[in-house]
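> Dropping the structure in here first, questions after.
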Amino acid sequence: MSKKIVFPYHSKYPSVADLKRKAKSRIPKFAFDYLEGGCNEELNLWRNENDFDNILLKPQYLRVGSDIDMSVDLFGHRYSAPFGISPIGLQGLMWPNAPEILAKGAAKLNIPYTLSTVSTSSIERIAEVSEGKAWFQLYHPTEDRLRDDILNRLKAVECPVLVVLVDVPSFGLRYREIKSGLSMPPKMNIENIFQAMIRPTWGIKTLQHGIPSFATLKPYMEKGLDLSQLGQFMNKTFTGKVNMEKVKAIRDIWKGPLVLKGIATDEDMEGAIQLGVDGVIVSNHGGRQLDASESSIDSLIRLAGNPAYKSKVKIMMDGGIRSGVDIARAQAVGSDFNFMGRPFMYGVGALGNEGAEHTINMFKAQLYQVMQQLTIEKIDQFPDRLLRIK
């Protein structure tokens, strides 16, 4: 019999759905829509979550179990659980100071937090609050000079893992953002201002922490850019396709662990292995780029099921995970590690400074209970409990 481990979290919010409801009541609609939305008709957003239901697990109740260990070795570090926090742009818009809250909580509870190039805290600040443990996701700049400077900044803070995003050759067509004015260039219209006014806690905290901006990119921007000019800067600086040559150049410069995020096909997986990357994150950008693509979990099932890939690279996933049960399902079909973005933003939106630790412990408690039900002790035993994929 395994000993009981308690993961402390707020009992009023035991699920992602509970956090989402509370966060929606505290975040202005335009910012919540930015977090929630997918591209076009949002069909792939729906598939990302619902396709997990096709994976069934089998318990072994009569087996004698022992102490449960959820920890996982990844790129030379042993994390306390097989999941981390995905990069999300404009985090401080959705909840003030969100990147720092999440980075601190992740470091304290020993899971990875990934800072986006277009988030609202800088490389240096997140390295400080995370004690050097935070990963970084690079939106590949159009200029090599800017790319090299960002990589030098990451080296200076000894960033442990570099993630290169490959699935944004163009910005997704997201109808919610177009309607709210949060497409590029962004603008605050009368309706958005009203929505902010009826969310006073968000407004007060925004005043305390300042209007959110692309903090990592500030050194490369002219001072005093208005919103229209900011949009032009972003389009000029980051619109461009990431190809094999661009990744190879980064691989030559970056000697630490290198991960490609947005891999979903055999062709791209083979290219990633050829380039000598250390890992891939199977993802469709949270359903925000191509509405006609398959769910992240279906891409994972196909790619992680190939022994030729599994033996050469770490295969992780991102997209649609909403519970510890979903993490268990992903592990059962071959994921080496898993990332969630929206659930953690719901957490900070609902609970502020306590949101990161609450959400981490909530997922740990859920995953722990699944491991008890299946009678397994270690994360690498999940594939033995795969019953079938519908």
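> Which loop GluC sites (Glu not before Pro) in the stretch 67-137, with loop taken from DSSP, have no more than 15 other Cβ atoms within 10 angstrom of their Cβ? Each step should come with its number before you reach the end.
On the way: sites: Glu100, Glu124, Glu128, Glu131; in loops: Glu131.
Here the GluC sites (Glu not before Pro) that fit, given the DSSP loop and packing criteria, are Glu131.
> Rounded to the nearest 20 Debye, what is the dipole magnitude of the stretch 16-389 about its Cα centre when Lys and Arg each give +1 and Asp and Glu each give -1 at the C-beta?
Details: 45 positive and 43 negative charges, 132 e Å.
For the stretch 16-389, the charge dipole is close to 640 debye.
> Using only the alpha-carbon atoms, how far is helix 227-238 inclined from the longest principal axis of the chain? Give it as 0 to 90 degrees, nearest 10.
Long axis of 227-238 versus the principal axis of the chain: about 50 degrees.
> Which of Gln369, Gln60, Gln137 moves the most in a Gaussian network model of the chain with Cα springs under 10 Å?
Gln60
> Output ³J(HN,Hα) for the stretch 84-90: one whole-Hz value per residue in order, computed from phi by the Karplus curve 6.51 cos²θ - 1.76 cosθ + 1.60 with θ = phi - 60°, and x for Gly and Pro.
For the stretch 84-90, the Karplus curve yields x, 9, 5, x, 9, x, 6 Hz.
> Can you quote the Å³ per residue value for the convex hull of the Cα atoms in the stretch 71-210, rounded to an integer?
138
> Something else about it: Under 8 Å for C-alpha pairs, at least 6 residues apart: give me the relative contact order for the chain, rounded to a whole percent. Please list the in-between numbers first.
Values: 767 pairs, mean separation 114.5, N = 390.
It rounds to 29 percent for the chain.
> Picking from Ser11, Val277, Leu260, whose Cα lies most toward the positive end of the charge dipole for the chain (charges on Cβ: Lys, Arg +1; Asp, Glu -1)?
The listed residue farthest towards the positive side: Ser11.
> Using only the alpha-carbon atoms, what does the chain span along each of its principal axes? Please give whole angstrom values in decreasing order.
Its Cα atoms span 67, 48, 40 Å along the three principal axes.
> Output ³J(HN,Hα) for the stretch 39-54: one whole-Hz value per residue in order, computed from phi by the Karplus curve 6.51 cos²θ - 1.76 cosθ + 1.60 with θ = phi - 60°, and x for Gly and Pro.
8, 6, 7, 6, 5, 6, 4, 5, 4, 3, 7, 7, 5, 4, 5, 7
> Compute the helix-to-body angle for 200-209: its Cα long axis versus the longest principal axis of the chain, expressed 0 to 90° and rounded to tens.
Approximately 70 degrees, to the nearest ten.
> If I take the Cα coordinates of the stretch 202-356 and project them onto the principal axes, what are the three extents in Å, biggest first?
Principal-axis extents of the Cα atoms in the stretch 202-356, largest first: 52, 39, 33 Å.
> How do 282-293, 11-22, 81-92 rank on mean C-beta neighbours within 10 Å, highest first?
On the way: 282-293: 22.4, 11-22: 16.5, 81-92: 24.2.
Order by mean packing, descending: 81-92, 282-293, 11-22.
> Taking the Cα atoms only, what angle lies between the long axis of helix 342-351 and the longest principal axis of the chain, rounded to 10 degrees?
80
> Right, here's the next one. Compute the FRET efficiency between Gln381 and Ile198 as 1/(1 + (r/R0)^6), taking r as their Cβ-Cβ distance and R0 = 56 Å, and round to the nearest 0.05.
Here the calculated transfer efficiency is 0.70.
> I would also like to ask the following. Name the shape class, rounded, prolate or oblate, that the alpha-carbon gyration tensor gives for the stretch 39-132, where a ≥ b ≥ c are the square roots of its eigenvalues, rounded holds for a/c under 1.5, and otherwise prolate holds if a/b is larger than b/c and oblate otherwise.
Values: a/c = 3.11, a/b = 1.29, b/c = 2.40.
Here the stretch 39-132 falls in the oblate category.
No value in this document is a laboratory result; all are computed from the given coordinates. Just so it is clear, the model here is predicted, and its values are computed rather than measured. FYI the Cβ positions are ideal-geometry reconstructions off the backbone, even for glycines, and counts take in every protein chain you see.
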